[in-house]
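Read the structure below first, then the notes.
The values are calculated or read from the model by the stated rules, or taken from the named source; none is laboratory data. Every value quoted in this text rests on a predicted model; they were computed, and no experiment measured them. So basically every Cβ, Gly included, is an ideal-geometry build from the backbone, and we count neighbours across all protein chains shown.
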Number of protein chains: 2
Amino acid sequence: MNPKLLEIKDRFVEKLGFLGSLFGFNKLLGQIYGLLYLSPTPLSLDEITKQLQVSKGSISLNIRELEKWGGCKKVWVKGDRKDYYEAETQFKNILNKRLMDALKRRVSTVGEIAADTSALYPESEQTQSLSPEEKKLLSFYKNRIESLDKIQSKLDFLLKTLMKFL
Amino acid sequence: MNPKLLEIKDRFVEKLGFLGSLFGFNKLLGQIYGLLYLSPTPLSLDEITKQLQVSKGSISLNIRELEKWGGCKKVWVKGDRKDYYEAETQFKNILNKRLMDALKRRVSTVGEIAADTSALYPESEQTQSLSPEEKKLLSFYKNRIESLDKIQSKLDFLLKTLMKFL
DNA sequence: ATGATCGTTTAGAATATATTAAACGTTCAA
DNA sequence: TTGAACGTTTAATATATTCTAAACGATCAT
């Protein structure tokens, strides 16, 4: 391959690895995406392995992860047994399918914390036995935990709004 | 401390550690935030160390990180040399001050990749010496990299819109 | 059937990250 | 001017993550 073009590709792959790690993915996952993104044709595991100089196992693992996130998809190449992959270039799809799901799941965790913790609140009979300071502290806890719950609803709304824009 | 209340606090702290790691922070950072969030009064490094059973060094490191993200702030306690911290409870502030900055920085990285990589494009004279297939590949690269740049603008717009909602 | 070619799994090695304990510099009170 | 009380830094350790190489099962051509 022409050294100039190779340099572009390598640099791009490197940067996408960095971008991936910025977003909390494995660096290799980002690199694979970069490689597929700059490939006019689908690539097989072998080719990816050769181009990135990484073990087959790692590629196998990360490309499935990438697929799970909607970053690439398997394509069938006539007359070849190998699995071929191509990049999902519609960024909208990647965002919608997976990233948003993950984001929503994270946001909902906020609400789960409130639900989970409030299950530990003492029954009203038990509350009687608390000292005045303890009663005060308990209601402080309740207040704070409740506002966390409200935040969750807000974030939820924000996400839904955001998704309509995409 | 009353065991019932202690249990609530501990559970809450644990969950916030988990939440923190979900969002790519150090678990301890989340726990510290949880602890401060459920404390009616500001806490000193020592108290945090004692309550979380973690070394002073770790706390020092992570609380500064937390502060950097707008999750807590130092407060002055009259007559005490120690640093005291309290949670930032206005979630809006945390989001605005730091999380959004970080998100914007990440998004802008996408654009930087395009700028950085396109700096490697060969000069037009050099392009002459490329074979027809190479020329084709180069324009393919240019196309893909350009669309990445467009995505960056879109994301940028989305973020700005989102921030207005907050 | 046999062997070659796939992708996957896995146990151990390599690497990166988080944590501790101790040393350190500063500040302040005596 | 000491020394005690702070928060920070750091070097070593512990832990978690990532990666490799080899084993494996499945599929296909012969």
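A single member of B:ARG81, B:ARG105 is out of contact with any Phe, Trp or Tyr (no Cβ under 9 Å at 6 or more places or on another chain) and assigned by TED's automatic domain parsing to the domain that holds B:SER153, and it is B:ARG105.
Residues that are facing chain B (nearest Cβ under 8 Å) and part of a loop (DSSP other than H, G, I, E, B) within region A:109-130 comprise A:LEU120, A:TYR121, A:PRO122, A:LEU130, listed in sequence order. Checked against the criterion of being hydrophobic (A, V, I, L, M, F, W, C), out of contact with any Cys (no Cβ under 6 Å at 6 or more places or on another chain), within 11 Å of DNA strand C (Cβ to nearest atom) and part of a helix (DSSP H, G or I), the candidates A:ILE32, A:ILE59 yield just one match: A:ILE59. Here B:LEU66 clears all of (1) more than 16 Å from DNA strand D (Cβ to nearest atom); (2) assigned by TED's automatic domain parsing to the domain that holds B:SER39 except the condition numbered (1). Of all residues in region B:95-108, those satisfying the criterion of being without any contact (Cβ under 8 Å) to a residue 40 or more places away in the chain, out of contact with any helix residue (DSSP H, G or I) (no Cβ under 6 Å at 6 or more places or on another chain) and within 10 Å of chain A (Cβ to nearest Cβ) are B:ALA102, B:ARG105. Screening A:LEU155, A:LEU137 for residues that are within 7 Å of chain B (Cβ to nearest Cβ) and of a type in the set (A, V, I, L, M, F, W, C) leaves exactly one candidate, A:LEU137. From the list A:GLU123, A:GLU86, A:GLU112, A:GLU67, the lone residue that is acidic (Asp, Glu), surrounded by 13 or more Cβ atoms within 10 Å (Cβ to Cβ) and away from DNA strand C (no atom under 16 Å from the Cβ) is A:GLU112. Checked against the criterion of being within 14 Å of DNA strand C (Cβ to nearest atom), of a type in the set (D, E, K, R) and without any contact (Cβ under 8 Å) to a residue 40 or more places away in the chain, the candidates A:LYS9, A:LYS15, A:LYS74 yield just one match: A:LYS74. Going by the structure shown, is B:ILE8 in contact with a Leu (Cβ under 8 Å, 6 or more places away or on another chain) and away from chain A (no Cβ under 14 Å)? So B:ILE8 does not fit the description; no. Restricting attention to region A:45-56 and to residues that are exposed (fewer than 15 other Cβ atoms within 10 Å of the Cβ) and more than 8 Å from DNA strand C (Cβ to nearest atom), the residue that is farthest from the other protein chains (Cβ to nearest Cβ) turns out to be A:GLN53. Considering every residue within region B:14-26, establish whether at least one is among the charged types (D, E, K, R), assigned to a helix (DSSP H, G or I), modelled with pLDDT of 95 or more and exposed (fewer than 14 other Cβ atoms within 10 Å of the Cβ). The answer is no; no qualifying residue exists.
Only one of the listed residues (A:LEU137, A:LEU130, A:LEU159) is surrounded by 15 or more Cβ atoms within 10 Å (Cβ to Cβ), at pLDDT below 95 and more than 31 Å from the chain's Cα centre (by Cα). That residue is A:LEU130. Picking from residues in region B:76-89 that are part of a strand (DSSP E or B) and more than 12 Å from DNA strand D (Cβ to nearest atom), the one that is nearest to the other protein chains (Cβ to nearest Cβ) is B:ALA87.
Sort out which residues of region A:80-94 are of a type in the set (D, E, K, R) and free of Cβ contacts under 8 Å to residues at least 60 places away in the same chain, and write them in order of number. Matches in region A:80-94: A:ASP80, A:ARG81, A:LYS82, A:ASP83, A:GLU86, A:GLU88.
Could you identify the single residue in A:LYS92, A:LYS73, A:LYS50, A:LYS97 that is outside any loop (DSSP other than H, G, I, E, B), under 20 Å from A:ILE32 (Cα atoms) and in contact with a Gly (Cβ under 6 Å, 6 or more places away or on another chain)?
Result: A:LYS97 is the single residue among A:LYS92, A:LYS73, A:LYS50, A:LYS97 that is outside any loop (DSSP other than H, G, I, E, B), under 20 Å from A:ILE32 (Cα atoms) and in contact with a Gly (Cβ under 6 Å, 6 or more places away or on another chain).
How many residues does region B:26-40 hold that are without any contact (Cβ under 8 Å) to a residue 40 or more places away in the chain and either more than 15 Å from A:PHE140 (Cβ to Cβ) or among the polar types (S, T, N, Q) (or both)? Count: 5.
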